[in-house]
Amino acid sequence: MAISDVQEYTHLTDEEIDQLGRELDALRAEVEESRGAADAAYINRIITIQRSLAVAGRVTLFASRWKPAWVAGAAMLGVAKILENMEIGHNVMHGQWDWMNDPEIHSSTWEWDTAQPAEQWKHSHNYIHHQFTNVLGHDNDVGYGILRMAREQKWHPANLGQPVYNALLATLFQWGVALHDLDLEAIRKREKDPKVLAKQLRQIKRKISRQIGKDYVFFPLLTAATGPANVVPTITANVTANLARNVWSYMIIFCGHFPDGALHFTEEELEDETRAEWYLRQMLGSANFEGGRLLHVMSGQLGYQIEHHLFPDLPSNRYAEMSVRVRELAAKYDLPYTTGPLHRQYGQALRTILKLSLPNRFTSSDQHSVEEHREVGRGRPSDAERPGRSSQTGGWSSRGTSVRGTA
Amino acid sequence: MAVIDRLSWARTAGARLTTPLHPDDYLSLVNPLWTARELRGRIERVVPETEDAATVVIRPGWGWRYDHKPGQYVGIGVQVGGKFHWRSYSVSSPPKRDGRTIAITVRAMPEGFLSQHLVGGLEPGTIVRLALPAGEFVLPDPPPARMLMLVGGSGITPVMSMLRTLDRRGTMPDVVVHYSSTTEERMIFRDEVRELADRHEGLTLHRLHTDDDGMLDLADLDSIVPDWRERETWACGPAPMLDAVEGHWESAGLEESLHLERFTVQRDGDGGEGGTLHFQNSGKEIEVDGATTVLEAGEQAGVGMPYGCRVGICHTCTLTLVSGTVRDLRTGDEHDDSNDRVQTCVTVPVGDCTLAI
């Protein structure tokens, strides 16, 4: 189901919603106040571990014609790439570490080890996804423009191929993400500004050529120094590491908003939405998963998706402690707090993908109460058509993209 | 130079292997000084000078240039509570092309949390960030024949760098140093200055302990240094002292021969044209003239602007320019590329601008 008014859905009064907003603001202020040396040490430690793993993996691949070295090298490189994307890149670009005042670990300068240019990611993710989370017709993360993820999205015969598209999306995730901010729907409708498109394509081309050059040309050629037989195994090890990172990040991200219980919203919800209602929408639209500390680090703390969506620019290492408080608030206001083990959360997302490949009449909804809404078109509005951005989702800037004042 | 060219070629090639990071990001894992991305230095030792002042000896890392001009200052960024805080301090050591370390001398100010940290809390081995030497309060080469140094308190540090340079080069001209300090004990470098004065015939030292004898009345200069009007003068000390000196020299029509160290922006470039500044993330706007820096404008508009040294050396205040043009007050250079990182404390708007904050 999709919700057109979070207040009506939750049966909270204006005062209660405002009170919830104030309590979440207070939690935010508390964490902002207490950020300190231990947090800085955390991100620096993770960065050191990640870079050391990447070096160790790449050095090991100089012996990659020998199977155990291939396995060890690919594994270390894969783990390094996962850490780099999730706990480091994603979170640094949200501005979670900007408070340290360190230009080397800062959202405005960070570039990550994946095909999408950081600047475009900060627009499509920090702004569009985080501000318009789960609003049908606004948030392209709902199915990434190729999957039908909500019953309100109009069915098309092409949706029959969803199981295949899904598998392709998982394997090629970084390439899908690279195209994320292009807004393919706008290009198809010829509504995209050709100048913006040309600039974005230039950025993507440059980024991709550097990424491919590193993983599939220069490093493999270097490993010929210890024997030409290492070149091809090094290429396959790099493919494996990138593939592992793709599938893993795909799965973690699909657990964030698509398990049962994470709700979608219609455009009406955005009208006159207050900050407290924005908080509420983030709580209702996100889903956590449970696991040990290592799992949470490897998933960039996105197992605390609810906390991340409430406070996208607070340091990720603090989400665990914040989740205790957010859960208490959810109980206090009788709000859902969706969580479960990783396999179950992903299983539910996968079931939705499979079910929605068919027209609605063949399947039933897995949400608690069914309130079918009118169908929603594909694509998303341009920046000029949507409300201005809020500051807490992390920065982005691009002159090529029109920028409007904030309400 | 050939070595440096080869190095930079190797770095460019290396960057293809480390993209999107820089080779230095990996090399600094081996030795924290092996990176030139953000200049770094390692604290070698902290030498107490007086009860509340200390000389901090720093070993700079890659990318440092040791050929600072005597009298210049450097920026130093120290991570306290996870956050980098920046200040600028005069270099007290003389420039050496083959140098390995630089020294700054810092007095712990009662309200100065970073200066207290530098004097009292820095362990040798700590890695700090550095900004290259800057400042126009420098010793000319060759030095003028007759000089006057008016020093108040910790204002001695840039002057010390000049005196040490003159001493080392053996080119001490006719120099008069008038050094005021509240008490004898708080006088930084008192032994060294006295020793220099003993050794160099051309160096005359006047010391004044202001707690006992009161502040220097500039009218008394006529009797202390009768030929002060013929001397090129350097003054460094607290702001009220500098204001008084500036007024005194101006009324004598001698501002051309006066050098002041104020730790403020040297506005050599032209101002901007002014315009409306729009702060994208906070949605705030303000219209300002061409003399108001982006930083000042943001503060007036109530935007939580980051700032550090406020004189363009520490880069703490740097923000991303989304659209428009700003002009650097120091150089007159204009920045008009989207995504340019601009130092808000030394730039003014040229027409309407949007910044990402």
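Restricting attention to region A:91-110, the residues that are within 17 Å of residue A:123 (Cβ to Cβ), free of Cβ contacts under 8 Å to residues at least 12 places away in the same chain and within 7 Å of chain B (Cβ to nearest Cβ) add up to 0. Candidates B:157, B:182: the one that is modelled with pLDDT under 95, closer than 30 Å to residue B:331 by Cβ and of a type outside the set (A, V, I, L, M, F, W, C) is B:157.
Checking every residue in region B:201-219 against the condition of being assigned to a helix (DSSP H, G or I) and among the hydrophobic types (A, V, I, L, M, F, W, C) gives at least one match.
Taking the numbered list (1) in a helix (DSSP H, G or I); (2) of a type outside the set (Ser, Thr, Tyr); (3) farther than 23 Å from residue A:256 by Cβ in turn, residue A:85 passes all entries but (3). Is one or more of the residues making up region A:115-136 in contact with a Phe, Trp or Tyr (Cβ under 7 Å, 6 or more places away or on another chain), over 30 Å from residue A:367 (Cβ atoms), touching a residue at least 60 places away in the same chain (Cβ under 8 Å) and part of a loop (DSSP other than H, G, I, E, B)? Yes - at least one qualifying residue is present in region A:115-136.
For every residue, the table says whether it meets (1) on the phi < 0 side of the Ramachandran plot; (2) touching an Asp or Glu at 6+ places or on another chain (Cβ under 8 Å); (3) facing chain A (nearest Cβ under 9 Å).
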residue	(1), (2), (3)
B:283	no, no, yes
B:302	no, no, no
B:305	yes, yes, no
B:311	yes, no, no
B:317	yes, no, no
B:321	yes, yes, yes
B:329	yes, yes, no
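Cβ-Cβ distances below 7 Å connect the following pairs, each with a first residue in region A:209-235 that is more than 14 Å from chain B (Cβ to nearest Cβ) and on the phi < 0 side of the Ramachandran plot, a second residue that is of a type in the set (Phe, Trp, Tyr) and part of a helix (DSSP H, G or I), and a separation of six or more residues or different chains: A:226/A:62; A:230/A:62; A:233/A:70; A:235/A:216. Pairs are defined by a Cβ separation below 6 Å, a sequence spacing of at least 6 or placement on different chains, a first member in region B:337-357 that is assigned to a strand (DSSP E or B), and a second member that is open to solvent by less than 30 Å² (accessible area, probe 1.4 Å) and of a type in the set (Phe, Trp, Tyr); the pairs so defined are B:355/B:279. How many of the residues in region A:279-314 are among the hydrophobic types (A, V, I, L, M, F, W, C) and either farther than 26 Å from residue A:35 by Cβ or surrounded by fewer than 22 Cβ atoms within 10 Å (Cβ to Cβ) (or both)? Residues that pass the stated criteria total 6. Applying the criterion of being within 13 Å of another protein chain (Cβ to nearest Cβ) and under 20 Å from residue A:246 (Cα atoms) to the residues of region A:56-76, the residue that is most open to solvent (accessible area, probe 1.4 Å) is A:58.
May I ask you to verify whether residue A:155 is open to solvent by less than 40 Å² (accessible area, probe 1.4 Å) and among the hydrophobic types (A, V, I, L, M, F, W, C)? Taking the combined requirement at face value, the residue does not satisfy it.
Test residue B:157 against the criterion of being surrounded by 23 or more Cβ atoms within 10 Å (Cβ to Cβ) and within 16 Å of residue B:47 (Cβ to Cβ), and give yes or no. Let's see the steps before the verdict.
Working: surrounded by 23 or more Cβ atoms within 10 Å (Cβ to Cβ): yes; within 16 Å of residue B:47 (Cβ to Cβ): yes.
Here the answer is yes, as residue B:157 does meet what is asked.
In region B:315-336, the residue that is farthest from residue B:131 (Cα to Cα) out of those that are in a strand (DSSP E or B) and hydroxyl-bearing (Ser, Thr, Tyr) is B:323. When residues in region A:181-208 are screened for being open to solvent by less than 50 Å² (accessible area, probe 1.4 Å), part of a helix (DSSP H, G or I) and away from chain B (no Cβ under 12 Å), 8 of them pass.
Can you tell me which residue among B:148, B:132 is more than 18 Å from the chain's Cα centre (by Cα) and in a strand (DSSP E or B)?
On the way: B:132 fails: more than 18 Å from the chain's Cα centre (by Cα).
Sole residue among the options that is more than 18 Å from the chain's Cα centre (by Cα) and in a strand (DSSP E or B): B:148.
Output the residues belonging to region A:27-42 that are touching a residue at least 60 places away in the same chain (Cβ under 8 Å), over 17 Å from residue B:79 (Cβ atoms) and within 12 Å of another protein chain (Cβ to nearest Cβ). Let's see the steps before the verdict.
In the first step, residues of region A:27-42 are kept if they are touching a residue at least 60 places away in the same chain (Cβ under 8 Å); the result is A:27-28, A:31-32, A:35, A:39-40, A:42.
Still in the running and over 17 Å from residue B:79 (Cβ atoms): A:27-28, A:31-32.
Scanning region A:27-42 gives a single hit, A:32.
Can you name every residue in region B:109-126 that is closer than 17 Å to residue B:45 by Cβ and surrounded by 15 or more Cβ atoms within 10 Å (Cβ to Cβ)? Before you say what the answer is, go through the steps one by one.
Taking region B:109-126 as the starting set, the residues that turn out to be closer than 17 Å to residue B:45 by Cβ are B:117-126.
Passing the criteria: B:117, B:118, B:119, B:122, B:126.
Every condition in (1) crowded, with 21+ Cβ neighbours inside 10 Å; (2) in contact (Cβ under 8 Å) with a residue 60 or more places away in the chain; (3) within 14 Å of chain B (Cβ to nearest Cβ) holds for residue A:140 except the one numbered (3).
Once region A:339-351 is narrowed to residues that are open to solvent by 20 Å² or more (accessible area, probe 1.4 Å) and in contact (Cβ under 8 Å) with a residue 60 or more places away in the chain, the residue that is nearest to residue A:296 (Cα to Cα) is A:342.
Filter region B:65-116 down to residues that are away from every other protein chain (no Cβ under 14 Å), charged (D, E, K, R) and in contact (Cβ under 8 Å) with a residue 24 or more places away in the chain and give me whichever is nearest to residue B:315 (Cα to Cα).
Just the residues of region B:65-116 that are away from every other protein chain (no Cβ under 14 Å), to begin with: B:65-74, B:88-113, B:115-116.
From what's left, charged (D, E, K, R): B:65, B:67, B:69, B:96-98, B:100, B:107, B:111.
Checking which are in contact (Cβ under 8 Å) with a residue 24 or more places away in the chain leaves us with B:65, B:67, B:69, B:96-98, B:100, B:107.
Working: B:65: 18, B:67: 22, B:69: 21, B:96: 26, B:97: 26, B:98: 28, B:100: 25, B:107: 23 Å.
Taking the candidates together, the pick is B:65.
Filtering region A:93-102 for residues that are open to solvent by 10 Å² or more (accessible area, probe 1.4 Å) and under 15 Å from the mean Cα position of the chain (by Cα) leaves a non-empty set. Only residues that are closer than 19 Å to residue A:120 by Cα, crowded, with 19+ Cβ neighbours inside 10 Å and out of contact with any helix residue (DSSP H, G or I) (no Cβ under 6 Å at 6 or more places or on another chain) were counted across region A:162-180, and they come to 2.
Just one of the numbered conditions (1) touching a Pro at 6+ places or on another chain (Cβ under 7 Å); (2) under 24 Å from residue B:255 (Cβ atoms) is not true of residue B:141: (1). Out of all the residues in region A:106-117, is one or more among the polar types (S, T, N, Q), open to solvent by less than 10 Å² (accessible area, probe 1.4 Å) and closer than 23 Å to residue A:243 by Cβ? Among the residues of region A:106-117, at least one is among the polar types (S, T, N, Q), open to solvent by less than 10 Å² (accessible area, probe 1.4 Å) and closer than 23 Å to residue A:243 by Cβ, which makes the answer yes. The number of residues in region A:315-337 being β-branched (Val, Ile, Thr) and open to solvent by less than 20 Å² (accessible area, probe 1.4 Å) comes to 1. Could you list, in sequence order, the residues of region B:97-108 that are open to solvent by less than 40 Å² (accessible area, probe 1.4 Å) and not in a strand (DSSP E or B)? If the condition is that a residue be open to solvent by less than 40 Å² (accessible area, probe 1.4 Å) and not in a strand (DSSP E or B), then B:99, B:108 are the ones that fit.
When region B:285-300 is limited to residues that are more than 22 Å from residue A:106 (Cβ to Cβ) and open to solvent by less than 50 Å² (accessible area, probe 1.4 Å), the one that is nearest to the other protein chains (Cβ to nearest Cβ) turns out to be B:286.
The values are calculated or read from the model by the stated rules, or taken from the named source; none is laboratory data. Because the structure is predicted, anything quoted here is derived from the model rather than measured. Cβ sites come from the backbone with ideal geometry, for glycine too, and all protein chains shown count toward neighbours. To get the accessible areas, we keep the full protein, side chains included, count just its heavy atoms, and leave off ligands, DNA and RNA. Shrake-Rupley method; radii C 1.70, N 1.55, O 1.52, S 1.80 Å.
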